[in-house]
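Participant: Take this structure, written in structure tokens, and hold onto it; I'll ask about it next.
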There are 4 protein chains.
Amino acid sequence: MEKQDLLRKPIEHIDIKTFDARPIIEGYALMAFQARNLATAAEIYNGMLADHDCKIILTLAGSLFSAGLKHVVTDMINRNMVDVIVSTGAIIVDQDFFEALGFRHYMGSAFADDTALRELAIDRIYDTYIDEDELRVCDMTIAQIADTLPPRPHSSREFIHAMGAYLDREGLKAERSAIHSAYKKGVPVFVPAFSDCSAGFGLVYHQWHKKDGHLTIDSVRDFRELTEIKLAVKDTGVIMVGGGVPKNFTQDVVVATDILGEEKPMHKYAIQLTVADERDGGLSGSTLKEACSWGKVDLKYEQMVFGEATLTFPLLVSDAYHRGAWKKRAPGNLSNLFMK
Amino acid sequence: MEKQDLLRKPIEHIDIKTFDARPIIEGYALMAFQARNLATAAEIYNGMLADHDCKIILTLAGSLFSAGLKHVVTDMINRNMVDVIVSTGAIIVDQDFFEALGFRHYMGSAFADDTALRELAIDRIYDTYIDEDELRVCDMTIAQIADTLPPRPHSSREFIHAMGAYLDREGLKAERSAIHSAYKKGVPVFVPAFSDCSAGFGLVYHQWHKKDGHLTIDSVRDFRELTEIKLAVKDTGVIMVGGGVPKNFTQDVVVATDILGEEKPMHKYAIQLTVADERDGGLSGSTLKEACSWGKVDLKYEQMVFGEATLTFPLLVSDAYHRGAWKKRAPGNLSNLFMK
Amino acid sequence: MEKQDLLRKPIEHIDIKTFDARPIIEGYALMAFQARNLATAAEIYNGMLADHDCKIILTLAGSLFSAGLKHVVTDMINRNMVDVIVSTGAIIVDQDFFEALGFRHYMGSAFADDTALRELAIDRIYDTYIDEDELRVCDMTIAQIADTLPPRPHSSREFIHAMGAYLDREGLKAERSAIHSAYKKGVPVFVPAFSDCSAGFGLVYHQWHKKDGHLTIDSVRDFRELTEIKLAVKDTGVIMVGGGVPKNFTQDVVVATDILGEEKPMHKYAIQLTVADERDGGLSGSTLKEACSWGKVDLKYEQMVFGEATLTFPLLVSDAYHRGAWKKRAPGNLSNLFMK
Amino acid sequence: MEKQDLLRKPIEHIDIKTFDARPIIEGYALMAFQARNLATAAEIYNGMLADHDCKIILTLAGSLFSAGLKHVVTDMINRNMVDVIVSTGAIIVDQDFFEALGFRHYMGSAFADDTALRELAIDRIYDTYIDEDELRVCDMTIAQIADTLPPRPHSSREFIHAMGAYLDREGLKAERSAIHSAYKKGVPVFVPAFSDCSAGFGLVYHQWHKKDGHLTIDSVRDFRELTEIKLAVKDTGVIMVGGGVPKNFTQDVVVATDILGEEKPMHKYAIQLTVADERDGGLSGSTLKEACSWGKVDLKYEQMVFGEATLTFPLLVSDAYHRGAWKKRAPGNLSNLFMK
């Protein structure tokens, strides 16, 4: 088997505008179990969009963009359906930026021979393949961008903003990019564990080769900046796709405002799409009710949906897109907070 | 809280004809993870429907009808999209027959106080409520039907056929019933563990009060009858919603033909929608690949979809409904095999 | 690869007497999550054993005996640590009776090539292999036993009792057998879906070749007999390993007594070891709190433990074995109820 | 209910020296499913300990220390059974450092009323309670430590080393602390998402109040330092408890060495204890076979164990402790790499 035989069928991103999920969600609303939970989550999201005092934070974890969900997020950005993004590095760098450089993800098999893949330099994510040589280009592009930035601490948001500027300057080689859309629309993007991805490779390379005079990524600054956003806005709603650090980080910001001596409300709305389980005490599966005990999430509008994101997230956003509450919603322009 | 306050919002069954899942499934087909698996499953189902040598067996487990999936199944029956049903007793008796008698399931909360519910005689299935007094009526109706039948061994199929006749005679008190539709369309319905539900209560009552001269339910006969169907048809495809006894029973029938000295092919097509996991060795989550080692399922057209049925089953059937391969498909009339 | 190369390392059953789980359970009791849940379950089991008004029902589902848990159950039977067993057919027939005939289960791989296994007539259960030719001998032995029994309806309990008598007469070809131990100790064993296993193959063969004059398996009678046990004893405790039909059937028996007009208490104690999840509304993962709403399980002494049975069941029983409450416990001899 | 009534029964850490898991693991080794997987994992861990060219990296995610697993890790550190730790911040700061300051975690209920808990300032982790006021003390102690450090970028390792020095100076107020043990034994501890925990609160406070002249946490430096360790040693083995960023970060380090132009082998040994699932494509549940396609993990000695860590981790380490391969193993002293 040659490498190009295995990298033949690219993943295509689903377009939530090409189908109308409203009748499905309306049907689900009168059923039980996760269908009803998804309908409740959709209702809460529509509530967030209609509440003009509320800024919307989207948290992303899991291999979402390699799985074809990138355009769901770019549609949200472009239509003022989200104001802040908090993500894992894999989604933003290895997947979004990677595709923006002209590379693709490919349909593969979950039952592949991984030793054979390794010899071909093909990386596997469950049933998806990536050309490792192309990933190396992505890593090195990060290093190049780092080389152009001042040698001081940066937040991940700041660095990702620079990645957006790079794409704007060099030209997108993909149909769309969340980094680029967010750059244009003023949506700040945070990656609290920024080294834990392709960016880490590029930045280690940068620091290694610039022993003196390299930039650093200050994760405290990320937290501080997200806290500043929480302080600057009236209410917040959170849409969590998967759990992990983005979920925890975003919930913690409520406590952070308290620690700084400011009185800010809990997240007023919260929904999570996840397959994780609460019974091992892990954070990813911890319920939003549990988060309430920590003073992070209000219980009035919260819903967990137990299901894999490729099945649930497109329906959620298609429903909100077609209901159209976003049409009356102003852009958040929260990136402006950091442009001084 | 009064009982009627908790039993106010009835579950409504989703109608897969009111939305067109085709563009969603087409989008899913080019993605990854469970979305792509669902699209592959849909493709296999459409293949089954177009293969006129293939009879389709639907297995059902989990609280599917109380959750609003009843009309998905009646639509399949009425449009020649399924030829045999193998189910748990709860779905067929406690839920389908129960609603056919005019009762409903109600939206409730997964976080209810179960002691309080018990005092009100409200039974809970996750987030759904049932009036226990109404369930008792269902049990007793089973006992009445049993009283009218000859005191000899019956298969569950035979008894369920009598339930269909009862509904036909007495009049349906619900919009639709899978038992009744199957009765009219000649679709045999098997419940291999027939005592393990409301039917068990009614039949124990029947046997208890008719110490001599009661009927019995011969589960061997169920297995024999399903084997006779396998012997009578050319090819078979299986759609499994959940796992449990219906899954195992239906897969085993291939081995049974072998034991009777007949040469019949494995199930040619097989799809399963499930949340169960293979890693504990349990049958419900065992993969269709594993079933192949047993000589039960062919590996050419098989797909597991990991997701909760309320989210996946309506999309699967809506897609097949709108593609319309069923329009050229003749009724299976497999009940006729047992009408001599 | 030859067949004998793959069937080389037999599964050995763990002996809970060879290690003392008490200090582990004592440690777990002061922790959190599933360790603490297991310790609570152990405490409840010890409570059942010390409560001499309580008869103990053990329900079994999942491939437990092929996985090496058979001797855990035979130790429970032989030491008066269980009074009734309700199981899937696979465990009792394909696994216990199969081994009693001198056959073994073998260590295999969960990543095997199932097509290759099928060609060698090796059946796979996750990471375990079975010689299909030996399974056929098991099926046919069931047919032979059926041929010797009177041509009338039998409960599964009655048939399994005859299997015990067969083993007693012919001689055990394994170190131990749950069927045989139960036969000797008067512990009734129910398999509510008795056709759904190797027994089904043998019994279909029996019925097929004895068109007139064959026995039948009346699953209603199983339910009636288990109800008679519930009526005959003061209190009951239930230990559920896995879910499925055995769990549901055993919980339903409380309702059955009510339907027969008798006033009997709910199951006083209930523990379940499972990996199933409640969030799809399925019965296997439904919580014992939910069962309380149905009037089946008391909430005072109930505990779910989320973990795979090979990891949790040996610790639970080893703890109870070494604490020794069973030493003062009389045999239940509940089989006597049906010996008239 | 008063606050002190809910915070009465502290979690106690299990001591793996007080019981001998060897006979259990030996029994598990001849069984199937997760018991056998755990025995295989134990065999691999014993192999790592006996391989004196191999340094052992332990990754920790999930609420492990609040659940009573802290002493398992301190025993590993003190007996040269681990050379590097990569963890979430919650475990190291909110749980280990928190207890080192004299605070405790308490047994609670997973079914608590979270609104009531919030009013009492009690935070819940599944079935465990924490006094939020005590957590605030922990946050502020972090801020104090930060105030004493030079205003420049630090790796999390460096900061955690300073926390160890603080505890050494001020005196431990708990029986043991992983931070302190690691400090004394020269075991570097990395927290790649250091702001995502109590440390984040303290450090945001520090930066907020020292607008100029505050320290930063450079997550790139963490990655660089872990890469330096990989470069400095011959072989590596990884024990992963849970998944998340610590798992990904540690696996990525192999790729990082490659990017720096150095030829280093993949992780030679790898085991993971997890409840996560691979079927959603998430990293936490991704198999070690998948990691091989990325060139991160060798396939010769790898094992996933599907089970909750409180049930599996104590058995794994107790087995290795009693087998005693650690007695011939020298301390790694890898902290020395960074002491210049």
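Participant: Could you give every pair whose Cβ atoms fall below 8 Å, whose first residue belongs to segment D:47-59 and is hydroxyl-bearing (Ser, Thr, Tyr), and whose second residue is part of a helix (DSSP H, G or I), counting only separations of at least 6 or pairs across chains?
Facilitator: D:59/D:246; D:59/D:247; D:59/D:249; D:59/D:250
Participant: Looking only at residues that are part of a loop (DSSP other than H, G, I, E, B) and aliphatic (A, V, I, L, M) in segment A:186-218, which one is surrounded by the fewest Cβ atoms within 10 Å (Cβ to Cβ)?
Facilitator: A:215
Participant: Do you know which residues across segment D:65-101 are within 14 Å of another protein chain (Cβ to nearest Cβ), within 21 Å of residue A:293 (Cβ to Cβ) and not acidic (Asp, Glu)?
Facilitator: The answer is D:65, D:66, D:67, D:68, D:88, D:89, D:90, D:91, D:93, D:95.
Participant: Can you go through D:158, D:119, D:134 and tell me which one is touching a residue at least 40 places away in the same chain (Cβ under 8 Å) and either surrounded by fewer than 24 Cβ atoms within 10 Å (Cβ to Cβ) or out of contact with any helix residue (DSSP H, G or I) (no Cβ under 8 Å at 6 or more places or on another chain) (or both)?
Facilitator: The unique qualifying residue is D:158.
Participant: Just need a number here: residues in segment D:287-309 that are in contact (Cβ under 8 Å) with a residue 24 or more places away in the chain and either closer than 26 Å to residue A:274 by Cβ or more than 9 Å from chain A (Cβ to nearest Cβ) (or both).
Facilitator: Residues in segment D:287-309 being in contact (Cβ under 8 Å) with a residue 24 or more places away in the chain and either closer than 26 Å to residue A:274 by Cβ or more than 9 Å from chain A (Cβ to nearest Cβ) (or both): 15 in total.
Participant: Condition first: among the β-branched types (Val, Ile, Thr) and without any contact (Cβ under 8 Å) to a residue 40 or more places away in the chain. Can you find one or more residues in segment C:60-72 that meet it?
Facilitator: Within segment C:60-72, none of the residues are among the β-branched types (Val, Ile, Thr) and without any contact (Cβ under 8 Å) to a residue 40 or more places away in the chain.
Participant: A further question on this structure: Just checking, how many residues over segment C:206-242 are within 30 Å of residue C:45 (Cα to Cα), facing another protein chain (nearest Cβ under 9 Å) and among the β-branched types (Val, Ile, Thr)?
Facilitator: 2
Participant: State all residues of segment D:114-150 that are closer than 26 Å to residue D:206 by Cα, assigned to a strand (DSSP E or B) and under 21 Å from the mean Cα position of the chain (by Cα); if no residue qualifies, say none.
Facilitator: Result: D:130, single match.
Participant: In the set D:104, D:169, which member is of a type in the set (Lys, Arg), touching a residue at least 12 places away in the same chain (Cβ under 8 Å) and either outside any strand (DSSP E or B) or more than 9 Å from every other protein chain (Cβ to nearest Cβ) (or both)?
Facilitator: Going through D:104, D:169 in turn, the sole match is D:104.
Participant: Name the residue, out of D:2, D:12, that is among the acidic types (Asp, Glu) and over 23 Å from the mean Cα position of the chain (by Cα).
Facilitator: That would be D:2, the only listed residue that is among the acidic types (Asp, Glu) and over 23 Å from the mean Cα position of the chain (by Cα).
Participant: Quick one: residue D:282 ticks every box in (1) in a loop (DSSP other than H, G, I, E, B); (2) within 26 Å of residue D:23 (Cβ to Cβ) bar one, so which box is it?
Facilitator: (2)
Participant: With segment A:1-98 as the region, which helices (runs of 4 or more DSSP H) entirely inside it contain at least 1 residues that are crowded, with 24+ Cβ neighbours inside 10 Å?
Facilitator: A:22-28, A:33-50, A:70-78
Participant: Follow-up. Which ones in segment B:40-82 are touching a Leu at 6+ places or on another chain (Cβ under 8 Å) and either more than 20 Å from residue B:182 (Cα to Cα) or of a type outside the set (D, E, K, R) (or both)?
Facilitator: Matches in segment B:40-82: B:41, B:42, B:45, B:56, B:62, B:63, B:68, B:73, B:76, B:81, B:82.
Participant: Return yes or no: is residue D:82 touching a strand residue (DSSP E or B) at 6+ places or on another chain (Cβ under 9 Å), closer than 25 Å to residue A:284 by Cα and not charged (D, E, K, R)?
Facilitator: When the stated conditions are applied, residue D:82 does not pass them.
Participant: Are any residues in segment C:108-119 more than 9 Å from chain B (Cβ to nearest Cβ) and not charged (D, E, K, R), and if so, which ones?
Facilitator: Within segment C:108-119, C:108, C:109, C:111 qualify.
Participant: Sticking with this one: Just name the residue that is farthest from residue B:327 (Cα to Cα) out of those in segment B:4-39 that are more than 10 Å from chain A (Cβ to nearest Cβ) and in contact with a strand residue (DSSP E or B) (Cβ under 8 Å, 6 or more places away or on another chain).
Facilitator: Among them, the one singled out is B:6.
Participant: How many residues are without any contact (Cβ under 8 Å) to a residue 24 or more places away in the chain and either touching a strand residue (DSSP E or B) at 6+ places or on another chain (Cβ under 7 Å) or part of a strand (DSSP E or B) (or both) if we restrict to segment A:219-266?
Facilitator: Residues that pass the stated criteria total 1.
Participant: Quickly run through segment D:99-109 and pick out the residues that are touching a Gly at 6+ places or on another chain (Cβ under 9 Å) and surrounded by fewer than 24 Cβ atoms within 10 Å (Cβ to Cβ).
Facilitator: Correct list: empty.
For (1) more than 13 Å from chain A (Cβ to nearest Cβ); (2) under 24 Å from residue B:51 (Cα atoms), each residue gets a yes or a no:
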position: B:244; (1), (2): yes, no
position: B:252; (1), (2): yes, yes
position: B:270; (1), (2): yes, yes
position: B:275; (1), (2): no, no
position: B:317; (1), (2): no, yes
position: B:322; (1), (2): no, yes
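Participant: With the requirement that a residue be of a type in the set (S, T, N, Q) and outside any loop (DSSP other than H, G, I, E, B), what does segment C:285-327 give you?
Facilitator: C:293, C:303, C:310, C:312, C:318
Participant: OK, next. Would you say residue B:248 is touching an Asp or Glu at 6+ places or on another chain (Cβ under 9 Å), over 14 Å from residue B:237 (Cβ atoms) and crowded, with 24+ Cβ neighbours inside 10 Å?
Facilitator: Answer is yes for this residue.
Participant: Which condition number in (1) in contact with a helix residue (DSSP H, G or I) (Cβ under 9 Å, 6 or more places away or on another chain); (2) modelled with pLDDT of 95 or more is the one that residue A:150 fails?
Facilitator: With (1) in contact with a helix residue (DSSP H, G or I) (Cβ under 9 Å, 6 or more places away or on another chain); (2) modelled with pLDDT of 95 or more applied to residue A:150, the lone miss is (1).
Participant: Can you go through A:260, A:203 and tell me which one is touching a helix residue (DSSP H, G or I) at 6+ places or on another chain (Cβ under 9 Å) and either more than 10 Å from chain D (Cβ to nearest Cβ) or modelled with pLDDT of 95 or more (or both)?
Facilitator: A:203
The values are calculated or read from the model by the stated rules, or taken from the named source; none is laboratory data. As the structure is a prediction and not an experimental result, all values here were calculated from the model. Glycine also receives a Cβ, built like all others from the backbone with ideal geometry; neighbour counts cover every protein chain displayed.
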